[in-house]
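Take a look at the structure below.
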Amino acid sequence: MPRSASRVVALLVLLEFGSGMLQGGFPVLLPGLAGRLHLGAGDQSLATGVEFLVSGMVVPVTSRLGDLLGHRRWLWLTLLITFVGYVLTATAGSLTMLLVGRALAGFLPCWLPLQFALVRDLVGPERGGRAVGQLVGSLTVGSIVGAVLVGQLGSESGGLRPLLWGLAAVPLLGLLLVGLGVPESTVRASGRMDWRGAVLLSLGLSLLFGCFSGAGGLGAVGAVALLLAGAGMFTLFVRHERHTDTPLLDLRVLTGRATAPVFGLSFLLGCVLYGAQAPTRSFQAADPAVTGYGLRADSDLLGLLTVPSVLGALIGALVADRLGRRFGVRQVLVGGFALSAVGYVAVAAWHGTAASFVPTGLLIGFGGGLALSLLPALLMRRLPAEQTGVGTGVYNTLKTLAGAATGAAGTALLNAVVLQAGVPREGAYVGVWLGCATLGALGAPVALALWGSGGVGGVPVAVEPV
(Lines give C-alpha, C1' and ligand atoms only; values in the text may rest on other atoms or scores of the structure.)
Protein backbone atom coordinates (compact mmCIF):
# COMPACT_ATOMS: atom_id res chain seq x y z
CA MET A 1 0.00 0.00 0.00
CA PRO A 2 1.48 3.42 -0.93
CA ARG A 3 2.54 5.55 2.01
CA SER A 4 0.01 8.29 1.18
CA ALA A 5 -2.79 5.73 1.06
CA SER A 6 -1.61 4.25 4.36
CA ARG A 7 -1.86 7.67 6.00
CA VAL A 8 -5.42 8.15 4.74
CA VAL A 9 -6.43 4.67 5.94
CA ALA A 10 -4.90 5.50 9.33
CA LEU A 11 -7.06 8.64 9.52
CA LEU A 12 -10.18 6.64 8.64
CA VAL A 13 -9.29 4.03 11.27
CA LEU A 14 -8.98 6.83 13.83
CA LEU A 15 -12.34 8.22 12.73
CA GLU A 16 -13.95 4.81 13.17
CA PHE A 17 -12.44 4.56 16.64
CA GLY A 18 -14.34 7.77 17.42
CA SER A 19 -17.51 6.25 15.97
CA GLY A 20 -17.08 3.31 18.33
CA MET A 21 -16.64 5.65 21.30
CA LEU A 22 -19.94 7.34 20.46
CA GLN A 23 -21.76 4.04 20.03
CA GLY A 24 -20.34 2.65 23.28
CA GLY A 25 -20.43 5.81 25.35
CA PHE A 26 -23.82 7.43 24.80
CA PRO A 27 -25.99 4.48 25.94
CA VAL A 28 -24.16 4.65 29.28
CA LEU A 29 -25.17 8.29 29.69
CA LEU A 30 -28.78 7.97 28.50
CA PRO A 31 -30.26 6.83 31.86
CA GLY A 32 -28.60 9.74 33.67
CA LEU A 33 -29.76 12.20 31.01
CA ALA A 34 -33.28 10.80 31.26
CA GLY A 35 -33.18 11.33 35.02
CA ARG A 36 -32.13 14.97 34.56
CA LEU A 37 -35.01 15.51 32.12
CA HIS A 38 -37.48 13.49 34.23
CA LEU A 39 -38.10 10.97 31.43
CA GLY A 40 -39.43 7.46 31.92
CA ALA A 41 -38.26 4.15 30.49
CA GLY A 42 -40.63 4.52 27.54
CA ASP A 43 -39.11 7.89 26.66
CA GLN A 44 -35.63 6.36 26.75
CA SER A 45 -36.75 3.62 24.40
CA LEU A 46 -38.26 6.25 22.11
CA ALA A 47 -34.97 8.18 22.05
CA THR A 48 -33.09 5.02 21.11
CA GLY A 49 -35.75 3.96 18.62
CA VAL A 50 -35.78 7.23 16.69
CA GLU A 51 -32.02 6.95 16.22
CA PHE A 52 -32.39 3.47 14.72
CA LEU A 53 -35.31 4.57 12.56
CA VAL A 54 -33.35 7.44 11.05
CA SER A 55 -30.31 5.22 10.50
CA GLY A 56 -32.37 2.71 8.57
CA MET A 57 -33.72 5.48 6.37
CA VAL A 58 -30.57 7.44 5.61
CA VAL A 59 -27.75 4.88 5.29
CA PRO A 60 -28.72 3.59 1.82
CA VAL A 61 -29.57 7.10 0.61
CA THR A 62 -26.33 8.77 1.72
CA SER A 63 -24.34 5.80 0.44
CA ARG A 64 -25.90 6.18 -3.01
CA LEU A 65 -25.31 9.94 -2.97
CA GLY A 66 -21.68 9.19 -2.14
CA ASP A 67 -21.46 6.91 -5.20
CA LEU A 68 -22.92 9.69 -7.36
CA LEU A 69 -21.31 12.83 -5.94
CA GLY A 70 -18.26 11.77 -3.92
CA HIS A 71 -17.82 9.68 -0.79
CA ARG A 72 -15.58 12.15 1.03
CA ARG A 73 -18.14 14.93 0.50
CA TRP A 74 -20.95 12.88 2.01
CA LEU A 75 -18.78 11.56 4.80
CA TRP A 76 -18.06 15.18 5.73
CA LEU A 77 -21.76 16.10 5.56
CA THR A 78 -22.83 13.14 7.72
CA LEU A 79 -20.12 14.07 10.22
CA LEU A 80 -21.54 17.59 10.35
CA ILE A 81 -25.11 16.35 10.85
CA THR A 82 -23.96 13.93 13.57
CA PHE A 83 -22.09 16.76 15.30
CA VAL A 84 -25.23 18.93 15.34
CA GLY A 85 -27.17 15.95 16.73
CA TYR A 86 -24.76 15.50 19.64
CA VAL A 87 -24.73 19.25 20.34
CA LEU A 88 -28.52 19.22 20.57
CA THR A 89 -28.32 16.16 22.80
CA ALA A 90 -25.83 17.89 25.10
CA THR A 91 -28.05 20.98 25.38
CA ALA A 92 -31.40 19.18 25.49
CA GLY A 93 -33.79 20.47 28.13
CA SER A 94 -36.85 18.55 26.99
CA LEU A 95 -37.87 15.29 25.37
CA THR A 96 -38.55 17.04 22.06
CA MET A 97 -35.05 18.49 21.87
CA LEU A 98 -33.54 15.13 22.83
CA LEU A 99 -35.50 13.34 20.10
CA VAL A 100 -34.36 15.85 17.48
CA GLY A 101 -30.77 15.40 18.62
CA ARG A 102 -30.95 11.60 18.54
CA ALA A 103 -32.62 11.69 15.12
CA LEU A 104 -29.68 13.67 13.71
CA ALA A 105 -27.26 11.39 15.57
CA GLY A 106 -28.82 8.57 13.53
CA PHE A 107 -26.53 9.64 10.68
CA LEU A 108 -23.58 8.10 12.56
CA PRO A 109 -23.88 4.65 10.89
CA CYS A 110 -23.51 6.36 7.49
CA TRP A 111 -19.80 6.82 8.16
CA LEU A 112 -18.70 3.21 7.76
CA PRO A 113 -20.05 2.38 4.25
CA LEU A 114 -18.69 5.69 2.96
CA GLN A 115 -15.31 4.80 4.46
CA PHE A 116 -15.45 1.35 2.85
CA ALA A 117 -15.94 3.04 -0.53
CA LEU A 118 -13.04 5.44 0.11
CA VAL A 119 -10.80 2.51 1.04
CA ARG A 120 -11.69 0.66 -2.16
CA ASP A 121 -10.95 3.78 -4.18
CA LEU A 122 -7.59 4.22 -2.43
CA VAL A 123 -6.16 0.69 -2.43
CA GLY A 124 -8.49 -1.32 -4.68
CA PRO A 125 -10.72 -4.26 -3.79
CA GLU A 126 -7.90 -6.83 -3.76
CA ARG A 127 -5.93 -5.07 -1.01
CA GLY A 128 -8.88 -3.69 0.92
CA GLY A 129 -9.34 -6.68 3.22
CA ARG A 130 -6.70 -5.66 5.73
CA ALA A 131 -7.97 -2.06 5.82
CA VAL A 132 -11.54 -3.27 6.37
CA GLY A 133 -10.34 -5.41 9.27
CA GLN A 134 -8.59 -2.39 10.76
CA LEU A 135 -11.74 -0.27 10.43
CA VAL A 136 -13.94 -2.93 12.06
CA GLY A 137 -11.34 -3.60 14.77
CA SER A 138 -10.99 0.09 15.52
CA LEU A 139 -14.77 0.44 15.79
CA THR A 140 -14.83 -2.46 18.25
CA VAL A 141 -12.01 -1.07 20.39
CA GLY A 142 -13.65 2.34 20.39
CA SER A 143 -16.92 0.91 21.66
CA ILE A 144 -15.11 -0.75 24.57
CA VAL A 145 -13.13 2.38 25.42
CA GLY A 146 -16.23 4.56 25.12
CA ALA A 147 -18.36 2.38 27.38
CA VAL A 148 -15.67 1.90 30.03
CA LEU A 149 -14.31 5.45 30.02
CA VAL A 150 -17.69 7.15 29.97
CA GLY A 151 -18.99 4.74 32.59
CA GLN A 152 -16.13 5.54 34.96
CA LEU A 153 -16.23 9.30 34.42
CA GLY A 154 -20.02 9.40 34.47
CA SER A 155 -20.09 7.98 37.99
CA GLU A 156 -18.73 11.29 39.26
CA SER A 157 -21.32 13.86 40.26
CA GLY A 158 -21.88 16.67 37.80
CA GLY A 159 -20.07 14.82 35.01
CA LEU A 160 -23.03 14.28 32.69
CA ARG A 161 -23.08 17.49 30.65
CA PRO A 162 -19.27 17.69 30.21
CA LEU A 163 -19.25 14.10 28.99
CA LEU A 164 -22.04 14.81 26.50
CA TRP A 165 -20.01 17.74 25.19
CA GLY A 166 -16.97 15.47 25.04
CA LEU A 167 -18.91 13.07 22.81
CA ALA A 168 -19.98 16.00 20.63
CA ALA A 169 -16.31 16.85 20.14
CA VAL A 170 -15.69 13.48 18.43
CA PRO A 171 -17.51 14.26 15.13
CA LEU A 172 -16.08 17.77 15.27
CA LEU A 173 -12.55 16.31 15.28
CA GLY A 174 -13.68 13.96 12.51
CA LEU A 175 -14.69 16.96 10.41
CA LEU A 176 -11.15 18.30 10.72
CA LEU A 177 -9.55 14.93 9.92
CA VAL A 178 -11.65 14.38 6.81
CA GLY A 179 -11.46 17.98 5.67
CA LEU A 180 -7.68 18.18 5.92
CA GLY A 181 -6.41 14.66 5.29
CA VAL A 182 -8.82 12.54 3.22
CA PRO A 183 -8.94 12.94 -0.58
CA GLU A 184 -12.12 12.62 -2.59
CA SER A 185 -12.89 9.32 -4.30
CA THR A 186 -12.36 9.23 -8.05
CA VAL A 187 -14.96 6.65 -9.17
CA ARG A 188 -18.48 7.97 -9.80
CA ALA A 189 -21.73 6.22 -10.59
CA SER A 190 -23.56 7.41 -13.66
CA GLY A 191 -27.14 8.68 -13.72
CA ARG A 192 -29.03 10.66 -11.13
CA MET A 193 -30.51 10.14 -7.68
CA ASP A 194 -33.66 8.03 -7.62
CA TRP A 195 -35.58 10.02 -5.03
CA ARG A 196 -38.84 8.10 -5.44
CA GLY A 197 -37.00 4.85 -4.81
CA ALA A 198 -35.20 6.43 -1.86
CA VAL A 199 -38.51 7.47 -0.27
CA LEU A 200 -40.06 4.02 -0.75
CA LEU A 201 -36.98 2.23 0.62
CA SER A 202 -36.65 4.60 3.57
CA LEU A 203 -40.32 4.25 4.49
CA GLY A 204 -40.12 0.47 4.22
CA LEU A 205 -37.05 0.30 6.43
CA SER A 206 -38.45 2.74 8.99
CA LEU A 207 -41.67 0.72 9.25
CA LEU A 208 -39.72 -2.49 9.78
CA PHE A 209 -37.48 -0.89 12.41
CA GLY A 210 -40.60 0.46 14.11
CA CYS A 211 -42.14 -3.00 14.07
CA PHE A 212 -39.10 -4.75 15.52
CA SER A 213 -38.35 -2.09 18.12
CA GLY A 214 -41.95 -1.97 19.35
CA ALA A 215 -42.09 1.76 18.67
CA GLY A 216 -44.85 3.47 20.54
CA GLY A 217 -45.93 0.35 22.44
CA LEU A 218 -48.49 -0.55 19.78
CA GLY A 219 -48.70 -4.19 20.80
CA ALA A 220 -49.05 -7.25 18.57
CA VAL A 221 -51.71 -5.78 16.28
CA GLY A 222 -49.73 -2.60 15.73
CA ALA A 223 -46.52 -4.54 15.11
CA VAL A 224 -48.23 -6.72 12.48
CA ALA A 225 -49.69 -3.61 10.83
CA LEU A 226 -46.23 -2.03 10.65
CA LEU A 227 -44.77 -5.25 9.26
CA LEU A 228 -47.41 -5.50 6.54
CA ALA A 229 -47.04 -1.81 5.68
CA GLY A 230 -43.26 -2.23 5.44
CA ALA A 231 -43.66 -5.26 3.19
CA GLY A 232 -46.01 -3.24 0.99
CA MET A 233 -43.49 -0.44 0.69
CA PHE A 234 -40.77 -2.90 -0.30
CA THR A 235 -43.07 -4.40 -2.95
CA LEU A 236 -43.63 -0.93 -4.42
CA PHE A 237 -39.89 -0.24 -4.18
CA VAL A 238 -38.94 -3.40 -6.09
CA ARG A 239 -41.55 -2.72 -8.77
CA HIS A 240 -40.30 0.84 -9.17
CA GLU A 241 -36.62 -0.16 -9.30
CA ARG A 242 -37.30 -2.67 -12.07
CA HIS A 243 -38.85 -0.02 -14.30
CA THR A 244 -36.61 3.01 -13.74
CA ASP A 245 -33.57 3.84 -15.83
CA THR A 246 -31.58 5.12 -12.81
CA PRO A 247 -32.38 2.80 -9.88
CA LEU A 248 -31.28 3.54 -6.34
CA LEU A 249 -30.22 -0.11 -6.09
CA ASP A 250 -29.39 -2.25 -9.09
CA LEU A 251 -31.42 -5.29 -8.06
CA ARG A 252 -29.76 -7.46 -10.71
CA VAL A 253 -26.41 -6.88 -9.03
CA LEU A 254 -27.62 -7.10 -5.44
CA THR A 255 -29.59 -10.32 -6.01
CA GLY A 256 -27.06 -11.95 -8.34
CA ARG A 257 -25.21 -15.17 -7.59
CA ALA A 258 -22.09 -13.22 -6.62
CA THR A 259 -23.68 -10.95 -4.02
CA ALA A 260 -26.90 -12.54 -2.75
CA PRO A 261 -25.11 -15.03 -0.43
CA VAL A 262 -23.07 -12.16 1.03
CA PHE A 263 -26.22 -10.19 1.86
CA GLY A 264 -27.79 -13.33 3.30
CA LEU A 265 -24.75 -13.80 5.52
CA SER A 266 -24.92 -10.15 6.61
CA PHE A 267 -28.48 -10.73 7.83
CA LEU A 268 -27.50 -13.90 9.70
CA LEU A 269 -24.48 -12.10 11.17
CA GLY A 270 -26.75 -9.40 12.60
CA CYS A 271 -28.90 -12.11 14.20
CA VAL A 272 -25.86 -13.79 15.76
CA LEU A 273 -24.14 -10.62 16.99
CA TYR A 274 -27.07 -8.61 18.30
CA GLY A 275 -30.08 -10.90 18.71
CA ALA A 276 -29.26 -12.21 22.18
CA GLN A 277 -27.64 -9.11 23.71
CA ALA A 278 -30.63 -7.78 25.65
CA PRO A 279 -31.93 -11.21 26.79
CA THR A 280 -28.44 -12.21 27.96
CA ARG A 281 -28.07 -9.03 30.02
CA SER A 282 -31.55 -9.61 31.46
CA PHE A 283 -30.57 -13.16 32.50
CA GLN A 284 -27.31 -11.99 34.07
CA ALA A 285 -29.10 -9.26 36.04
CA ALA A 286 -31.81 -11.62 37.34
CA ASP A 287 -31.79 -12.37 41.08
CA PRO A 288 -31.65 -16.16 41.70
CA ALA A 289 -33.36 -15.69 45.05
CA VAL A 290 -36.43 -14.47 43.16
CA THR A 291 -36.31 -16.30 39.83
CA GLY A 292 -34.21 -19.39 40.57
CA TYR A 293 -31.65 -18.37 37.95
CA GLY A 294 -29.36 -15.47 37.07
CA LEU A 295 -26.21 -13.86 38.43
CA ARG A 296 -27.66 -10.81 40.20
CA ALA A 297 -25.12 -8.77 38.23
CA ASP A 298 -24.89 -5.04 38.91
CA SER A 299 -24.00 -2.49 36.23
CA ASP A 300 -20.27 -2.93 36.77
CA LEU A 301 -20.41 -6.72 36.36
CA LEU A 302 -22.72 -6.41 33.36
CA GLY A 303 -20.15 -4.15 31.73
CA LEU A 304 -17.34 -6.59 32.44
CA LEU A 305 -19.34 -9.49 31.04
CA THR A 306 -19.62 -7.72 27.68
CA VAL A 307 -15.82 -7.55 27.34
CA PRO A 308 -15.17 -11.20 26.29
CA SER A 309 -17.49 -11.07 23.27
CA VAL A 310 -16.23 -7.64 22.18
CA LEU A 311 -12.60 -8.72 22.69
CA GLY A 312 -13.26 -11.89 20.69
CA ALA A 313 -14.79 -9.83 17.87
CA LEU A 314 -11.77 -7.53 17.88
CA ILE A 315 -9.32 -10.44 17.60
CA GLY A 316 -11.41 -12.06 14.88
CA ALA A 317 -11.61 -8.87 12.84
CA LEU A 318 -7.86 -8.27 13.04
CA VAL A 319 -6.80 -11.80 12.02
CA ALA A 320 -9.56 -12.43 9.45
CA ASP A 321 -7.63 -11.11 6.45
CA ARG A 322 -4.57 -13.24 7.21
CA LEU A 323 -6.68 -16.35 7.82
CA GLY A 324 -8.66 -15.71 4.64
CA ARG A 325 -5.49 -15.51 2.58
CA ARG A 326 -4.10 -18.69 4.07
CA PHE A 327 -7.17 -20.94 4.23
CA GLY A 328 -9.67 -19.25 1.88
CA VAL A 329 -12.52 -16.89 2.64
CA ARG A 330 -15.22 -19.52 2.28
CA GLN A 331 -13.58 -21.86 4.77
CA VAL A 332 -12.98 -19.10 7.32
CA LEU A 333 -16.57 -17.85 7.04
CA VAL A 334 -17.92 -21.37 7.50
CA GLY A 335 -15.69 -21.75 10.55
CA GLY A 336 -16.68 -18.36 11.95
CA PHE A 337 -20.42 -19.00 11.83
CA ALA A 338 -19.89 -22.52 13.19
CA LEU A 339 -17.84 -21.19 16.12
CA SER A 340 -20.54 -18.68 17.01
CA ALA A 341 -23.16 -21.44 16.87
CA VAL A 342 -21.06 -23.66 19.16
CA GLY A 343 -20.63 -20.73 21.54
CA TYR A 344 -24.39 -20.23 21.83
CA VAL A 345 -24.96 -23.96 22.40
CA ALA A 346 -22.36 -23.77 25.19
CA VAL A 347 -24.16 -20.79 26.75
CA ALA A 348 -27.46 -22.69 26.66
CA ALA A 349 -25.84 -25.62 28.45
CA TRP A 350 -23.55 -23.72 30.83
CA HIS A 351 -24.73 -20.38 32.22
CA GLY A 352 -24.76 -20.80 35.98
CA THR A 353 -21.76 -18.59 36.83
CA ALA A 354 -20.22 -15.36 35.62
CA ALA A 355 -17.09 -17.27 34.63
CA SER A 356 -19.11 -19.45 32.25
CA PHE A 357 -19.85 -16.42 30.04
CA VAL A 358 -16.16 -15.67 29.44
CA PRO A 359 -15.11 -18.52 27.12
CA THR A 360 -18.48 -18.65 25.40
CA GLY A 361 -18.42 -14.88 24.83
CA LEU A 362 -14.94 -15.11 23.36
CA LEU A 363 -16.05 -17.90 21.03
CA ILE A 364 -19.19 -16.13 19.83
CA GLY A 365 -17.34 -12.84 19.41
CA PHE A 366 -14.37 -14.37 17.58
CA GLY A 367 -16.61 -16.14 15.06
CA GLY A 368 -18.63 -12.97 14.52
CA GLY A 369 -15.47 -10.86 14.20
CA LEU A 370 -14.20 -13.05 11.36
CA ALA A 371 -17.41 -12.44 9.43
CA LEU A 372 -17.50 -8.73 10.37
CA SER A 373 -14.17 -8.23 8.62
CA LEU A 374 -14.43 -10.66 5.71
CA LEU A 375 -17.96 -9.97 4.47
CA PRO A 376 -17.62 -6.26 3.58
CA ALA A 377 -14.22 -6.91 1.99
CA LEU A 378 -15.70 -9.74 -0.06
CA LEU A 379 -18.69 -7.61 -1.00
CA MET A 380 -16.44 -4.81 -2.22
CA ARG A 381 -14.75 -7.25 -4.59
CA ARG A 382 -18.08 -8.43 -5.97
CA LEU A 383 -19.77 -5.06 -6.47
CA PRO A 384 -19.14 -2.69 -9.37
CA ALA A 385 -16.83 0.09 -8.17
CA GLU A 386 -19.52 2.73 -8.69
CA GLN A 387 -21.93 0.88 -6.36
CA THR A 388 -19.56 0.25 -3.46
CA GLY A 389 -21.16 2.85 -1.20
CA VAL A 390 -24.78 1.85 -1.63
CA GLY A 391 -23.94 -1.88 -1.62
CA THR A 392 -22.07 -1.74 1.67
CA GLY A 393 -24.75 0.59 3.03
CA VAL A 394 -27.38 -2.06 2.36
CA TYR A 395 -25.08 -4.63 3.96
CA ASN A 396 -24.84 -2.57 7.17
CA THR A 397 -28.58 -1.86 7.22
CA LEU A 398 -29.45 -5.55 6.81
CA LYS A 399 -27.14 -6.42 9.69
CA THR A 400 -28.77 -3.87 12.00
CA LEU A 401 -32.28 -4.81 10.88
CA ALA A 402 -31.54 -8.48 11.54
CA GLY A 403 -30.39 -7.68 15.07
CA ALA A 404 -33.58 -5.70 15.72
CA ALA A 405 -35.77 -8.49 14.34
CA THR A 406 -34.03 -11.21 16.34
CA GLY A 407 -34.11 -9.08 19.48
CA ALA A 408 -37.84 -8.55 19.02
CA ALA A 409 -38.40 -12.28 18.58
CA GLY A 410 -36.35 -12.97 21.71
CA THR A 411 -38.32 -10.42 23.71
CA ALA A 412 -41.57 -11.98 22.54
CA LEU A 413 -40.34 -15.41 23.68
CA LEU A 414 -39.36 -14.06 27.10
CA ASN A 415 -42.76 -12.43 27.47
CA ALA A 416 -44.59 -15.60 26.44
CA VAL A 417 -42.78 -18.22 28.54
CA VAL A 418 -43.09 -16.85 32.07
CA LEU A 419 -43.00 -18.00 35.67
CA GLN A 420 -45.25 -15.11 36.61
CA ALA A 421 -46.09 -11.72 35.16
CA GLY A 422 -42.88 -10.05 34.02
CA VAL A 423 -40.61 -12.96 35.05
CA PRO A 424 -39.52 -15.27 32.16
CA ARG A 425 -38.72 -18.92 32.74
CA GLU A 426 -35.10 -20.00 32.46
CA GLY A 427 -36.11 -22.13 29.48
CA ALA A 428 -37.08 -18.98 27.58
CA TYR A 429 -33.50 -17.71 27.76
CA VAL A 430 -32.22 -21.14 26.70
CA GLY A 431 -34.60 -20.93 23.73
CA VAL A 432 -33.15 -17.55 22.71
CA TRP A 433 -29.59 -18.88 22.84
CA LEU A 434 -30.48 -22.03 20.91
CA GLY A 435 -32.30 -19.89 18.34
CA CYS A 436 -29.16 -17.81 17.80
CA ALA A 437 -27.15 -21.04 17.58
CA THR A 438 -29.47 -22.27 14.83
CA LEU A 439 -29.11 -19.02 12.88
CA GLY A 440 -25.33 -19.18 13.27
CA ALA A 441 -25.28 -22.78 12.06
CA LEU A 442 -27.39 -21.73 9.05
CA GLY A 443 -24.59 -19.35 8.09
CA ALA A 444 -22.26 -22.28 7.32
CA PRO A 445 -24.20 -23.68 4.33
CA VAL A 446 -24.91 -20.15 3.08
CA ALA A 447 -21.16 -19.49 3.16
CA LEU A 448 -20.66 -22.68 1.18
CA ALA A 449 -22.86 -21.14 -1.52
CA LEU A 450 -20.09 -18.60 -2.11
CA TRP A 451 -18.10 -21.33 -3.86
CA GLY A 452 -18.40 -20.90 -7.59
CA SER A 453 -20.69 -17.86 -7.38
CA GLY A 454 -20.75 -15.83 -10.53
CA GLY A 455 -19.20 -12.41 -10.83
CA VAL A 456 -20.49 -9.02 -11.76
CA GLY A 457 -21.56 -8.71 -15.33
CA GLY A 458 -20.80 -12.35 -16.06
CA VAL A 459 -17.13 -12.10 -15.01
CA PRO A 460 -16.28 -14.79 -12.45
CA VAL A 461 -15.09 -13.60 -9.05
CA ALA A 462 -12.66 -15.70 -7.07
CA VAL A 463 -13.59 -16.53 -3.50
CA GLU A 464 -10.31 -17.59 -2.00
CA PRO A 465 -8.26 -14.40 -1.41
CA VAL A 466 -9.56 -11.18 0.05
At 0.890 mPa s and 25 °C, Stokes D of the stretch 1-75 from Kirkwood alpha-carbon radius, µm² per second: 161 µm²/s
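Over the stretch 20-122, give the accessible area per residue in Å² for a 1.4 Å probe, as an integer.
33 Å²
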Could you work out the per residue convex hull volume over the alpha carbons of the stretch 15-125, in cubic angstrom? 92 Å³
Stokes-Einstein D (µm²/s) once Rh is taken as the Kirkwood radius of the chain over alpha-carbon pairs, at 25 °C in 0.890 mPa s: 109 µm²/s
The stretch 320-355 residues near the modelled ARG296 label - backbone nitrogen below 20 Å, point 7 Å along Cα→Cβ: 351-355
Stretched out fully, how many nm does the piece from LEU176 to ALA278 gain, at 0.36 nm a residue minus the Cα gap? 33.1 nm
If the convex hull of the alpha-carbon atoms of the stretch 111-153 is projected onto planes in all directions, what is the mean projected area in square nanometres? 3.1 nm²
State, to one decimal in nm, how far the label point of THR91 lies from the label point of VAL307, with both points 7 Å from Cα in the Cβ direction. 3.8 nm
D_trans [Stokes-Einstein, Kirkwood Rh over alpha-carbon pairs] for the stretch 300-424, 37 °C, 0.692 mPa s, µm² s⁻¹: 201 µm²/s
For the stretch 352-446, which whole percent of the accessible surface, found with a 1.4 angstrom probe, sits on carbon and sulfur atoms? 70 percent
In sequence order, what are the phi-derived ³J(HN,Hα) couplings for the stretch 232-248 according to the Karplus relation 6.51 cos²θ - 1.76 cosθ + 1.60 with θ = phi - 60°, rounded to whole Hz, with x for glycine and proline? x, 5, 5, 4, 4, 5, 4, 4, 5, 5, 6, 10, 9, 7, 10, x, 5
So the FRET efficiency between ARG326 and ARG127, C-beta based with R0 = 25 Å and rounded to 0.05, is 0.95
Given a 1.4 Å probe and the protein chains all in place, what does the accessible area of THR411 round to, in Å² to the nearest 10? 70 Å²
Full-extension gain between THR255 and SER4, please, as 0.36 nm times their residue separation minus the C-alpha to C-alpha distance. 86.8 nm
For a test of the definition: using alpha carbon positions, the gyration tensor, and the 1.5 limit on a/c, classify the stretch 176-331 as rounded, prolate or oblate. oblate
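Which order do you get for MET380, MET21, MET97 if you rank them by accessible area with a 1.4 Å probe, largest at the top?
On the way: MET380 0, MET21 40, MET97 75 Å².
Output order, biggest surface exposure first: MET97, MET21, MET380.
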To the nearest 10 square angstrom, what accessible area does PHE83 show with a 1.4 Å probe? 50 Å²
For ARG188, what accessible area in Å² do you get when you roll a 1.4 Å probe over the heavy atoms of the protein chains, rounding to the nearest 10? 90 Å²
Probe 1.4 Å, all protein chains present, accessible-area order of ASP300, ASP250, largest first: ASP300, ASP250
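Given a 1.4 Å probe and heavy atoms of the protein chains only, how would you sort LEU167, LEU323, largest accessible area at the top?
In descending accessible area the options line up as LEU323, LEU167.
Once the Cβ-Cβ distance between VAL224 and TRP195 is put in as r, and R0 is 25 Å, what FRET efficiency do you end up with, to the nearest 0.05? Kindly include the intermediate steps, with their values, before the conclusion.
Details: r = 29 Å, r/R0 = 1.18.
It comes to 0.25.
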Where labels lie 7 Å past Cα in the beta-carbon direction, separation of ASP287 and LEU69 in nm: 5.5 nm
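The values are calculated or read from the model by the stated rules, or taken from the named source; none is laboratory data. Fair warning: this is a prediction, and the values are worked out from it, not measured in the lab. A quick note on method: Cβ atoms are made from the backbone with ideal geometry, for glycine too, and the neighbour counts reach across all protein chains shown. Each accessible area value is taken on the protein alone, full model and side chains, heavy atoms only, with ligands, DNA and RNA left out. Shrake-Rupley method; radii C 1.70, N 1.55, O 1.52, S 1.80 Å.
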